[in-house]
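Student: There's a structure below that I have some questions on.
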Amino acid sequence: MTADIVISPLLPWPALAALGGVGLALLVLSAARRGRGTVLRALALGVLVVALLDPRATSETREPQPDVAVVLIDDSPSQMIGERSAQTEFAVEAVRAALGRFDDLQIKLVRILGDGTADAADTGDGGTRVMGALGRAFADVPESRVAGAIVITDGQVHDAADEAATASLPIPMHVLLTGRRGEMDRRLVVEEAPGFGIVGESVTVRYRVVDRPAPQRGRAGANTARMSFSLDGADAGSVDVPVGEVSTFAFTLDHAGSTVLEMVAGPAPGELSSLNNRAVVRINGVRDRLRVLLVSGQPHAGERTWRNLLKSDPSVDLVHFTILRPPEKDDMTPLRELALIVFPIHELFEVKLAEFDLILFDRYIVRDVLPPSYMRNIVEYVREGGALMLAIGPEFAGLRSLFRTPLGELMPGVPTGEVLEQGFSPSLTDTGRRHPVTAPLVLDPTSQDRQWGRWFRQIEVTQRSGHALMSGIGDRPLFVLDRVEKGRVGMLMSDHVWLWAREFEGGGPQAELLRRLAHWLMKEPELEEERLSAYVQRGKLTIERRSLESSAPVVTVTTPAGEMRDVALEAAECGIARATIEADEPGIFRVDDGSRTTLAVSGGLHSKELADLRSTDEHLAPLVAASSGGLAWIETDGVPEFRRVRPGRDTAGRGWMGLRENGAYVVTGFVQVSLLPGLLILGLVIAAMTAAWWREGR
């Protein structure tokens with residue numbers, strides 16, 4: 001409890017001054033004329049002035065408020081290196097024990113986590129933002145209760161120069177540094193990498209190996225680093241490169257879709273960590289133009305179905321020839337009058353055959369337009385990686401069937417000679433429900449009753465290889481895909497797909513089916529039936545394995561720290577098995593299913609957090625000095641003594657750090673008593689005036 005005397009004037013100060021001035025002037029005039037009773041009148045005037053000032057005695061009941069000290073703990077990824085984590089926990093316990101001795105001090109712990117779920121800040125691409133975390137920690141604390149801040153970190157702070165973050169910096173700020181002075185670290189920096197490239201062409205990645213501090217010249221191995229490269233998990237060679245200089249790595253994109261280049265710099269002697277010695281570059285391979293050769297043979301109602309589909313795709317260059325007149329029809333008509341463009345079979349099937357990505361025969365009938373030598377060229381083209389599609393009709397079951405040419409050895413189905421003509425609804429096989437070409441065609445993958453419009457003709461074949469994705473009459477194979485060495489072959493055993501395009505009986509997904517088929521034949525990576533993929537999102541590693549096999553496989557995951565663990569995938573939709581695990585450390589996760597390998601990056605290998613892993617005081621030292629705080633290295637200096645200091649006193653010294661003792665309080669009670677009650681004032685004034693009149697009357 002405290003007591004004070006306060007003045008509460010009943011009139012404004014100017015009015016009091018005016019009245020006092022008038023009274024004083026009258027007293028001076030009375031004294032000048034030697035009037036009797038002047039002293040008594042002055043006494044009465046004084047009593048009136050004091051009464052107008054209304055002096056009061058006040059007393060307050062105060063409740064002391066504890067000061068607040070923020071202890072900010074840096075748990076960012078760089079703090080997980082070496083002994084830093086152990087040093088951090090040791091310092092935290094020591095600080096809590098030391099500050100716990102002060103009854104008038106409240107401790108507020110704030111942690112900056114490394115997975116984006118920090119209490120007050122995150123460490124994404126923006127790095128470790130300590131100053132922003134401190135600003136938010138003190139946002140709800142009155143300035144009169146701020147005792148100071150203690151930051152336990154490795155010094156890698158990325159918002160120390162942010163004026164907005166440091167404007168509300170509490171003082172004093174003390175820093176306890178983990179790690180040790182003079183650490184050495186090597187980092188791999190990707191200077192330039194293309195986001196995409198043309199399939200078949202070379203791409204170049206520019207990179208640089210940086211050592212901090214710079215290596216001493218003349219020391220063995222100090223000026224070079226061993227670089228290793230891998231493409232899509234396969235070894236791509238290694239080379240020695242000069243440290244600190246820009247080097248290049250060039251390779252040829254051999255397929256469309258994502259190509260993953262992993263680069264690893266060999267460890268340096270005495271290096272702090274190899275966490276940032278790796279870099280992953282994803283380059284999306286695109287084809288300049290997809291070139292398709294379409295040869296239409298026997299005229300039929302759906303002849304333009306394939307042409308319309310391929311012409312609607314802006315990424316496809318289509319060369320289309322339709323054979324309208326068989327060679328055996330000899331009526332002496334000149335060739336220049338039979339076609340606007342003479343069929344350049346030699347140029348297409350001999351000279352430029354390898355330039356096409358897909359060759360499609362639509363109801364082609366053998367009429368000696370293409371001699372057997374050209375058919376053998378197509379066979380070699382497919383075996384070397386080309387694609388062949390056969391949309392067949394009734395002629396496939398006859399003597400002029402393509403199967404009787406050299407192409408027959410590529411075909412997954414052998415014609416029986418039967419042409420089945422009756423209504424049927426195409427349906428997906430069990431394999432078709434898992435294959436990426438046809439699986440999306442099912443609106444509800446769990447439904448077995450999905451039917452499309454009927455077709456009315458199917459050519460019977462005996463399947464000898466490949467996968468039947470659709471079936472027709474009597475569960476006979478209707479749509480078969482196969483791989484032949486490096487190439488691919490597709491067969492559609494009906495020429496009635498055009499009925500879907502005409503919306504017959506509701507139609508069907510012919511556009512999506514034919515589009516996905518064409519792109520599978522041209523090796524679109526997203527349509528691979530055997531594919532392994534992985535990605536990291538919000539601290540979770542998601543693994544997906546697409547396969548035609550129904551069993552869910554077990555994959556091996558290698559963490560950035562080199563730890564290996566087996567993960568069982570669970571069957572999901574349409575041939576996909578999936579699993580999700582924690583990915584709480586930054587770096588590259590490698591996933592291997594025994595035959596395929598894929599990579600996933602967690603935390604961003606090019607983030608600020610991994611740019612420099614060394615412990616340092618250069619970022620925070622200026623702020624510590626400006627706030628009159630202290631800085632100490634835990635390994636060499638230990639945890640200093642903590643004291644409470646009055647405002648205006650030194651807050652740091654040799655072996656100790658101080659926190660302000662503000663003496664904050666809240667008033668819980670208030671009593672106010674007037675020193676001159678009204679009756680007392682009235683009595684004094686009457687007595688003084690009466691005495692003055694009596695004195696004047698004598």
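The values are calculated or read from the model by the stated rules, or taken from the named source; none is laboratory data. Since the model is a prediction, treat every value here as computed from it, not as a measurement. Note that each Cβ is placed from the backbone with ideal geometry, even for glycine, and that neighbours are counted across all protein chains shown.
Student: Only one of (1) closer than 30 Å to residue 191 by Cβ; (2) surrounded by 17 or more Cβ atoms within 10 Å (Cβ to Cβ) is not met by residue 545, so which one is it?
Tutor: (1)
Student: Here are 621, 626: which of them is touching a helix residue (DSSP H, G or I) at 6+ places or on another chain (Cβ under 9 Å) and either farther than 16 Å from residue 262 by Cβ or outside the structural domain of residue 428 (by TED's automatic domain parsing) (or both)?
Tutor: 626
Student: Can residue 149 be described as more than 30 Å from residue 265 (Cα to Cα), modelled with pLDDT of 75 or more and small (Gly, Ala, Ser)?
Tutor: yes
Student: Right, another one. Filtering the range 641-666 down to residues that are touching a residue at least 24 places away in the same chain (Cβ under 8 Å) and part of a loop (DSSP other than H, G, I, E, B), which residue is nearest to residue 100 (Cα to Cα)?
Tutor: Ranking the qualifying residues of the range 641-666, first place goes to 661.
Student: Here's another thing I want to ask about it. Considering (1) touching a Leu at 6+ places or on another chain (Cβ under 7 Å); (2) modelled with pLDDT under 90; (3) of a type in the set (A, V, I, L, M, F, W, C), say which one residue 251 fails and leave the rest.
Tutor: Going through the list (1) touching a Leu at 6+ places or on another chain (Cβ under 7 Å); (2) modelled with pLDDT under 90; (3) of a type in the set (A, V, I, L, M, F, W, C), residue 251 breaks only (2).
Student: Out of 95, 189, I need the residue that is assigned by TED's automatic domain parsing to the domain that holds residue 281, closer than 22 Å to residue 81 by Cα and modelled with pLDDT of 85 or more. Which one?
Tutor: Step by step, each of 95, 189 is checked, and only 189 is assigned by TED's automatic domain parsing to the domain that holds residue 281, closer than 22 Å to residue 81 by Cα and modelled with pLDDT of 85 or more.
Student: Tally the residues that are buried (at least 23 other Cβ atoms within 10 Å of the Cβ), out of contact with any Leu (no Cβ under 6 Å at 6 or more places or on another chain) and of a type outside the set (A, V, I, L, M), restricting the search to the range 470-493.
Tutor: Residues that pass the stated criteria total 0.
Student: Which residues, taken from the range 497-517, are in contact with a helix residue (DSSP H, G or I) (Cβ under 7 Å, 6 or more places away or on another chain), outside any loop (DSSP other than H, G, I, E, B) and not aromatic (Phe, Trp, Tyr)?
Tutor: Scanning the range 497-517 gives 501, 510, 511, 512, 513, 514, 515, 516.
Student: Tell me the residue from 566, 495, 482 that is of a type outside the set (S, T, N, Q) and touching a Pro at 6+ places or on another chain (Cβ under 7 Å), please.
Tutor: Criteria check complete, one pass: 482.
Student: When the residues of the range 514-564 are filtered to those that are of a type in the set (S, T, N, Q) and free of Cβ contacts under 8 Å to residues at least 60 places away in the same chain, which remaining residue is farthest from residue 391 (Cα to Cα)?
Tutor: The residue in question is 559.
Student: Which of the following residues is crowded, with 16+ Cβ neighbours inside 10 Å, of a type in the set (Asp, Glu), modelled with pLDDT under 90 and out of contact with any Pro (no Cβ under 9 Å at 6 or more places or on another chain): 140, 162, 122?
Tutor: On inspection, the qualifying residue turns out to be 122.
Student: Follow-up question, since we're still on this one. Within the range 506-525, identify whether any single residue is acidic (Asp, Glu), surrounded by fewer than 19 Cβ atoms within 10 Å (Cβ to Cβ) and within 30 Å of residue 273 (Cβ to Cβ), and answer yes or no.
Tutor: No: the range 506-525 contains no residue that is acidic (Asp, Glu), surrounded by fewer than 19 Cβ atoms within 10 Å (Cβ to Cβ) and within 30 Å of residue 273 (Cβ to Cβ).
Student: Sort out which residues of the range 367-402 are farther than 29 Å from residue 457 by Cα and basic (Lys, Arg), and write them in order of number.
Tutor: 376, 383, listed by residue number.
Student: From the list 396, 356, exactly one residue is surrounded by 18 or more Cβ atoms within 10 Å (Cβ to Cβ), assigned by TED's automatic domain parsing to the domain that holds residue 319, under 21 Å from residue 485 (Cα atoms) and touching a strand residue (DSSP E or B) at 6+ places or on another chain (Cβ under 6 Å). Which is it?
Tutor: 356
Student: Which condition from (1) more than 21 Å from residue 410 (Cα to Cα); (2) surrounded by fewer than 19 Cβ atoms within 10 Å (Cβ to Cβ) is the one that residue 455 breaks?
Tutor: (2) is the only condition that residue 455 fails.
Student: If you don't mind, there's one more thing I want to ask. Can you name the condition, by its number, that residue 393 falls short on among (1) within 23 Å of residue 305 (Cα to Cα); (2) out of contact with any Lys or Arg (no Cβ under 7 Å at 6 or more places or on another chain)?
Tutor: All conditions are met except number (2).
Student: Let me ask something else about it. Does the range 256-290 hold any residues that are hydrophobic (A, V, I, L, M, F, W, C) and assigned to a strand (DSSP E or B), and which are they?
Tutor: 260, 261, 263, 264, 265, 279, 280, 281, 283, 286, 290
Student: Oh, and also: Check whether at least one residue in the range 401-413 is crowded, with 22+ Cβ neighbours inside 10 Å and either more than 30 Å from residue 549 (Cα to Cα) or without any contact (Cβ under 8 Å) to a residue 12 or more places away in the chain (or both), and report yes or no.
Tutor: yes
Student: Considering only the range 492-503, state which residues are over 14 Å from residue 478 (Cβ atoms) and at pLDDT 90 or above.
Tutor: 498
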